[in-house]
Structure formats: structure tokens, C-alpha cells
Amino acid sequence: MNIWKRFLLPRGGLNSKPTSRIWLPFFLFTILALILAACGSAEPPGASSPTPTTQATSSSSTNQDTPSPTTGTSKPAAALTGLRMLDANNGWALSATSILKTTDGGMHWKDVTPANAGLNQFARGNFLDQQSAWIAIPPTQQREGPGIDILHTANGGQSWQKAHIDDPLVATIDVPHFLGTQQGWLEASSTPGAGHAGSDIWYTTDGGQSWTKIASNMGNNGLTLGYVTGISFQDTQNGIAAGNLGAGGDNTVPAVSITHDGGHTWHMQALPHLLGGYEGIYNTSQPPVFFGSTAILPVNVTTSSGDLLVLYRSNTSGRTWTQTSVAHIRSDNTYVLDSAHAWATDTQSGQLYGTTDGGDHWSALSTKAYHLKALSFVNVNNGWGIAGESLLHTTDGGKTWQSLT
């Protein structure tokens, strides 16, 4: 899949490049900002597996010619909201109005937005490779009612198809997650309220032309997280939903939901309690990144003495977990490149932090505050990040950054 790492990225194997990367733009920031209280009771682990409610969408798919971009345009017309670099030269980006591609490492961008795309600043993209991409577009201003539009290209943006998910309760969405060109999932949530946010999981087997709702935390399929921040799949059967238990749940312990049947049924999995004697703990997990059977799960922790970022690690596809060391930062954009390397911006200081040993040790990479939002690294040295109106690039693993736009 492509994601957060979770923002625009692919997931991969331990012995190859990862199938999911975390492109964590701004979905987590938005959903956490909307959450006014921790909330919603949770069902016990090991709940029974009744047949989930299945709902097909009324989807329309139409080919659209991509308008010709302005020749020679070197800068995006609007601030970027999402980014996914495939290698040192090729990549995709999103703004509130455009879908963009680069072939020279971000120096110049080509607009491949179809006519009447209907983009907004909350759109999220999954960019599998140079040819295949999906853009999920939630309601403008995140108001429930209109449902979700899905744009898909299989030829690098030369033409697009549009499908519609008729889910009137949707206000926010996660990044679409595709393991290949056909099979994909999308998590969508309602506006948080009364300690809970309804979350639906949609599934496609035809590249996004049609979608079916296969699970909901309002149903009886075992998805008992009060808030879902996103989902991530290792393969066609095994996946993890991240978030927290909501009001009434024990959020002093990190929790995720796990599926072994492609997202139709789920069960709760509690992670080890945070070590270190912290008090006033409140955990919210972010979607993990898979490398074969190894999963790296970032967890934001609020304590009475300050905010923390912790990477939890599983070598058993999420069945058992161990905690790594804490970083004394608050981050909404953790980017995991592989099982050893990750980067995160401290939202308070604006400094970029990094780890080279899977989270056992974290360090500030520079004394300068770059205030990077969405991140995308293609190796341990080359990375890109969005900072306000600018796109920055590093060639030394995040120590120094140069502006490209």
C-alpha cells in the first residue's frame, strides 16, 4: 500500500522496499484537533465474528482527459498538502487545487489534474508508482453529507476515472491503501462528538471503480476503537487499524484493532503499558508501516509531564509488541523509511528528530527549526518535506534542507 510513510507511500517487504510508507500529512492533525474529548466504550477483545453489514456504493466511472499544464511552470500554484517521492527524481504531490508530478527531484512540476476534479485541502493520495495513483476527496470543509469522490489513473495522469462512495456520515478520510493496482481499502470517519467518531472501512477489488463497506466501528464486527486514525495492511488478509478507545476506554494503554480476513472482522489488541513511571497517560496510535511481518507503530502519548512519541515494534504481524525508547516530542508526521530509520517533526519546537535504530534512540538532527509537515524519504540521505509554502530537500538525512520552490 501507499502511505505514511503515511502520507503517500507504498508498503513493502523486509527484504525489499516497503509496501507501505507513511505519508502523514495532515489527516492525523485534523482528526486530533476535532477530538474534543476522549470517548466511547470498547467491546472486549476476542469478540465474536458475526457477518458484517455489507453495503455497495452507487459508483460512476468516467474517463476524463487531463488538461495540458502550463508549459515551463516550475512552482506549484498553491501550497502543497501532500507529497510522495518514488525515487530521487520521480514523485507526486497534492495541493488543494492540483495533482502534480515531477521527474527532476521536485525542481519542476507538471499539472496532471483532470477537469472538474473537485479537489480540496483535505484530499488524500496514494501513489503506487509512476503510473498508478488514487486521490480520495472528502466533503469540502469536512461537512457530512456529500460522500467521497475517488479519482484513479493507470497511465500517470494522462486520463482519470472518477468513482463516488455514497457515505453521508463521512467528514474525514485516511489515505487510500492499495497493495497493487486492484485491491484497496479506505477508512472514513464522521465528525467526532460525544466521545466517539463513527468509522467505516471501504474495500475495492477493481482498482477503485466500485467500493463496498466491509466494516464499521458502529457495527458488530469487532472494530471497537472509539476513534480510528487510519488503517494499514501487510497483505490481502492481515491489517491493523490504529487510534484509541474513546470515552470509557482505557487509553492509558495503546490499542489497535487487527484483522486476519481482509478487514471484514476485527479484534482488539492491547500493547504493553508505557514504561517509565509516567502519569496522566493518554495514548493515540498512528497507522503502522509493514516490512514483511515486522510492523512499526508510532504512538503519540500525552502525559502530565509532557508529550511523547514512542515507536512500538512487532515481529509477528501485530500479534505481540515491544516498546522502544520515548522521544520527548509531539509529532503528527512520523515518517518510517524502514525498520531502522524514521523521522518526525516536533510540533512545538519545529525541529526535526530522527532515529537510525528503530526508535531505541532519537536525536535532534539540526538546531534550526524547519517546521516540516509532510515528509518523504527515498533512502537514508535523500528526503523532501513541506514547510508552509515551500518544498525543501535534504541530501544528508535531514541535517540541512534547501528550498526547491
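Numbers for the structure displayed
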{"quantity": "Simple label model, 7 Å out from Cα along Cβ direction - residue 253 to residue 379, nm", "calculated": "4.3 nm"}
{"quantity": "Largest-first principal axis extents of the Cα set of the range 120-178 (Å)", "calculated": "32, 18, 17"}
{"quantity": "Two-site FRET efficiency, residue 369 against residue 144, from Cβ-Cβ distance with R₀ of 30 Å, rounded to 0.05", "calculated": "0.25"}
{"quantity": "Among the listed pairs 213/373; 101/399; 110/368; 373/399; 75/162; 101/162, those beyond 24 Å (Cα-Cα)", "calculated": "213/373; 101/399; 110/368; 75/162"}
{"quantity": "Reference-scaled alpha-carbon Rg (2.2 N^0.38 Å with N residues) for the range 276-379", "calculated": "1.03"}
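Laboratory data are not the source of any read-out in this text; all were calculated from the coordinates shown. Bear in mind that the values here come from a model prediction, so they are computed numbers and not experimental data. All Cβ positions, glycine included, derive from the backbone under ideal geometry; neighbour counts span all protein chains shown.
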